[in-house]
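Student: Attaching a single structure in structure tokens format; questions to follow.
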Amino acid sequence: MNLRDLRYLVALADHRHFGRAAAACFVSQPTLSTQIRKLEEELGVSLVERAPRKVMLTPAGREAAERARRIVAEVEQMKEAARRSQDPQAGTVRLGLFPTLGPYLLPHVIPGLRARFPQLELLLVEEKSDVLLARLRDGRLDAAILALPVEDEQLHVEPLFSEPFVLAVPDRHPFAARTRLALDDLADQRLLLLEDGHCLREQALDVCQLSGAHEKSEFRATSLETLRQMVAANVGMTLLPMLSVQPPVARSPDIRLLPFEGDPPRREIAMLWRRSSAMDGFLRQLAALFRQLPPGLLGPGAPAAPAA
């Protein structure tokens, strides 16, 4: 058994197809298939159920693949630690972000990051939060930026910032004449929300519970941009995170953005990584950069008047 064979098994577990797994490992399909059979012979168990059109792992195969994944991840950590001992600011970081944050946060962070760490290769992965957590735990990500809470004693949580929500309403809505809202103003209102699996959906549902609002359940959006377009089309209202309504995001003349009075509803954003990570010191520096957003970007003065 060697590290190469463990990589093959992990690739097969990820792709569930011998051809795609072989391509991901830059070897021929017969080579990968032969090595998997040798691994099965060495372990004395079947790891794979082979069918004409798909591949499934046996229970023993799934357990072996998860152990192999951890071993491969630890080896990569060892290599990364060695590289960083020579140049702490170079190397590769695989960073996960969720879709309702990444596109709106990165424009404010990447220029400073490039200036501070010009040799850093930052590989960004955008996925839903549960997928990011799974990849972080099994070593396929070095760190992830997520909304709290996240309960996992194996992960270090580095708070970054608190992001308020604003209410987006069509320009014809009675609320459009207002400059600010109290949370109680949402009582009995029906809000457009994202589909299941998005953490923003859960955050918005929490706000609905606090305010007495309800979901407009006949429509669920697949993205934040779809929600925005539905509001512009006068379908309903929704909650938007503050970063998603700040430049360079274009403003719609058909949408009115209303901040909340007092302590607005918000989500807490943090960077997480494994406590065992050999990159802990560098990730703390990286988190500090993500924490340094431009002044006023998350302040209370979200513009209420639409702009073309």
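Student: From the residues H108, T31, A51, which one has its Cα farthest along the dipole of the chain in the positive direction, the dipole being from +1 and -1 charges on Cβ of Lys/Arg and Asp/Glu about the Cα centre?
Tutor: T31
Student: Taking the Cα atoms only, what angle lies between the long axis of helix 199-211 and the longest principal axis of the chain, rounded to 10 degrees?
Tutor: Here the helix axis deviates by roughly 40 degrees.
Student: Find which of S217, M242, P265 sits farthest along the positive direction of the dipole of the chain, computed with +1 on the beta-carbon of Lys and Arg, -1 on that of Asp and Glu, about the Cα centre.
Tutor: Ranked along the dipole, the leading option is M242.
Student: Give the angle, between 0 and 90 degrees and rounded to the nearest 10, that separates the Cα long axis of helix 102-116 from the longest principal axis of the Cα atoms of the chain.
Tutor: It is inclined by approximately 70 degrees.
Student: Moving on to the next point. Run the dipole for the chain about the Cα centre, Lys and Arg Cβ at +1, Asp and Glu Cβ at -1, nothing else charged, and hand back the magnitude in debye, nearest 20.
Tutor: Numbers: 39 positive and 39 negative charges, 190 e Å.
Result for the chain is approximately 920 debye, rounded to the nearest 20.
Student: Exposure proxy check: L297, L6 ranked by fewest other beta carbons within 10 Å? Walk me through the numbers before you get to the answer.
Tutor: Working: L297 14, L6 21.
In increasing order of surrounding Cβ atoms, one gets L297, L6.
Student: With the alpha-carbon atoms as the only input, what is the per residue convex hull volume for the stretch 3-81 in Å³? Can you show the working numbers first?
Tutor: Numbers: hull volume 6.5 nm³, N = 79.
It comes to 82 Å³ per residue, whole-number rounded.
Student: Quick one: which of 269-275, 206-212, 111-117 comes out on top by average Cβ neighbours within 10 Å, and what's the full order, highest first?
Tutor: Numbers: 269-275: 21.4, 206-212: 15.3, 111-117: 13.4.
The peptides rank, most packed first, as 269-275, 206-212, 111-117.
Student: Rounded to the nearest 500, what is the chain's calculated 222 nm mean residue ellipticity when only DSSP H runs of at least 4 contribute -39500 (n - 2.57) each, over all residues? Show your work: numbers first, answer last.
Tutor: Numbers: 9 runs with 122 residues, N = 308.
Mean residue ellipticity, 222 nm, calculated: -12500 deg cm²/dmol.
Student: Okay, moving on. Around R266, under 12 Å between beta carbons, what's the net of Lys plus Arg minus Asp minus Glu among the other residues? Can you show the working numbers first?
Tutor: Working: positive: R267; negative: E163, D206, D263, E268.
Computed value for this residue: -3.
Student: Next question, about the same structure. Placing +1 at every Lys and Arg Cβ and -1 at every Asp and Glu Cβ, with all other atoms neutral, what dipole size does the stretch 81-174 have around its Cα centre, in debye to the nearest 20?
Tutor: Values: 10 positive and 13 negative charges, 73 e Å.
Roughly 360 debye, rounded to the nearest 20.
Student: Dipole of the stretch 8-119, Cα-centred, from +1 at each Lys and Arg C-beta and -1 at each Asp and Glu C-beta, to the nearest 20 debye?
Tutor: Details: 17 positive and 11 negative charges, 65 e Å.
Dipole about the Cα centre, nearest 20: 320 debye.
Student: Count charges around H156 for me, please; just the other residues with Cβ under 14 Å from its Cβ, Lys/Arg as +1, Asp/Glu as -1. Show your work: numbers first, answer last.
Tutor: Values: positive: R137, R274, R275, R284; negative: D142, E151, D152, E153, E158, D280.
Once all neighbours under 14 Å are counted, the net charge is -2.
Student: For the stretch 142-288, what does the relative contact order come out to in percent, with C-alpha contacts under 8 Å and a separation of six or more?
Tutor: Relative contact order, the stretch 142-288: 48 percent.
Student: Something else about it: Provide D263, D14 in ascending order of the number of other Cβ atoms located within 10 Å of each residue's Cβ, fewest first. Mind showing how you got there, number by number?
Tutor: Numbers: D263 9, D14 14.
Ranking D263, D14 by Cβ neighbours within 10 Å, fewest first, gives D263, D14.
Throughout, read-outs are computed from the coordinates displayed, never taken from laboratory work. Owing to the predicted nature of the structure, the values given are computational and were not obtained by experimental measurement. Here Cβ is always computed from backbone atoms with ideal geometry, including for glycine, and neighbour counts include all displayed protein chains.
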